[in-house]
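Asks: Here it is, the structure in full.
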């Protein structure tokens, strides 16, 4: 198995903050809007360096989306920032009507997604956001796995014309994606080659998939790992090529199994190459208060859960 060098742990939201500042320095049309969570979204540096291009919208997320949509008419590239729950569920109508329907060039950047929000509890732990956003025509959906990938994605979406939903998180996680790796929207990353099973993972579950791969290797199972950072458009070719070798697949995500990555992969397989599949995801329930690690364990999103899913799916080949 390929070895991954981890020198530090960082939160993915900080990757967003660094990336936002970098593109702000080179493109004066980039503007940032925040809904009273500047520190939490790590937008402080941008706000400090470009005060005339930073707009504090207050606790008025729907208005923030409307303002961002209007700014695109004048050629601006707005990046909006707030928690994932408020970035999607609270403002879905405004995103649908004012951004997606008219294909506005708004970058909806969402932190504190999933169960790893932790102690803030179920009301803030949105687990449906990927499903909500991927169903919107014109919307690109990205879910990054570490600091470096989040920074790279933040920079890459500036060149992409059209609505983007960029999802990241609060906890510190291992940094294992190379700092200089180019981020290509819609292109999966092959992290490890294998022959017995394909594991496709997104967001925080990519690192859990890597740990699961190590466990499986010790058990004589060769696992191929795909980092699916872009949920929409999905890299169908990478998935189909991989299952063509392995004959079975496990998906892993910090999201409901309804509407998430697993559902998208299952649709591709059912249309092109019906293949045994298992999904590691939240099983149709809300979250609760607890530490990120406690919640990941309780809701079955750890490396051991991926290993168990692999054992089940291999038995079905």
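Asks: Using Cα pairs closer than 8 Å and at least 6 residues apart in sequence, work out the relative contact order for the range 189-315, in percent.
Replies: Relative contact order of the range 189-315: 29 percent.
Asks: Listing 299, 165, 92 from the residue with the fewest other Cβ atoms within 10 Å to the one with the most, what is the order?
Replies: 92, 299, 165
Asks: Which percent, nearest 5, of DSSP beta bridges in the range 146-231 are antiparallel?
Replies: 40
Asks: OK, next. Any chance you could give the angle, 0 to 90 degrees and rounded to 10, that helix 205-218 forms with the longest Cα principal axis of the chain?
Replies: 20
Asks: Mean separation of Cα pairs under 8 Å and 6+ residues apart, divided by the residue count of the chain: what relative contact order is that in percent? All intermediate terms of the calculation are to be shown ahead of the outcome.
Replies: Details: 728 pairs, mean separation 58.0, N = 317.
Normalised by residue count, the contact order of the chain is 18 percent.
Asks: Measure nothing fancy, just the Cα-based angle from helix 147-156's long axis to the longest principal axis of the chain, in degrees from 0 to 90, nearest 10.
Replies: Between helix and principal axis, roughly 60 degrees.
Asks: Given labels modelled 7 Å from the Cα in the Cβ direction, how far is it in nm from residue 160 to residue 135?
Replies: Each label point lies 7 Å from its Cα, and together they span 2.1 nm.
Asks: I'd like the distance separating the alpha-carbon centroids of the range 20-83 and the range 122-165, in whole Å.
Replies: Each part's Cα centre sits 16 Å from the other's.
Asks: How far apart, in nm, are the 7 Å Cα→Cβ label points at residue 119 and residue 195?
Replies: 5.0
Asks: Find the relative contact order for the range 117-170 and round it to a whole percent, using C-alpha pairs within less than 8 Å whose residues are 6+ positions apart.
Replies: Over the range 117-170, the number comes to 37 percent.
Asks: Once you have a ≥ b ≥ c as the square roots of the Cα gyration tensor eigenvalues for the range 9-174, tell me rounded if a/c is under 1.5, and otherwise prolate or oblate according to whether a/b is larger than b/c.
Replies: Cα axes put the range 9-174 in the rounded bin.
Asks: What share of the DSSP beta bridges in the range 189-315 is antiparallel, in percent to the nearest 5?
Replies: Taking every DSSP beta bridge within the range 189-315, about 20 percent pair in antiparallel fashion.
Asks: Describe numerically, in nm with one decimal, the distance between label points set 7 Å from Cα along Cα→Cβ at residue 316 and at residue 297.
Replies: Inter-label distance under the simple model: 2.8 nm.
Asks: Which of 167, 53, 312 has the fewest other C-beta atoms within 10 Å, and how do the rest follow up to the most?
Replies: 312, 53, 167
Asks: Follow-up question, since we're still on this one. Could you work out how far the C-alpha centroid of the range 240-272 sits from that of the range 214-229, in angstrom?
Replies: 15
Asks: Add -39500 (n - 2.57) for each DSSP H run of 4 or more in the chain, then divide by its residues: what number comes out at 222 nm, to the nearest 500 deg cm²/dmol?
Replies: -10500 deg cm²/dmol
Asks: Using Cα atoms only, what is the angle between the long axis of helix 236-246 and the major principal axis of the chain, expressed in degrees (0 to 90) to the nearest 10?
Replies: 20
Asks: Which percentage, to the nearest 5, of the DSSP beta bridges contained in the chain is antiparallel?
Replies: On the way: 8 of 43 bridges.
Antiparallel bridges: around 20 percent, rounded to the nearest 5.
Each reported figure results from applying straightforward, stated rules to the coordinates on display, with no laboratory input. If you're wondering where the values come from, they're calculated on a predicted model, not measured in any experiment. So basically every Cβ, Gly included, is an ideal-geometry build from the backbone, and we count neighbours across all protein chains shown.
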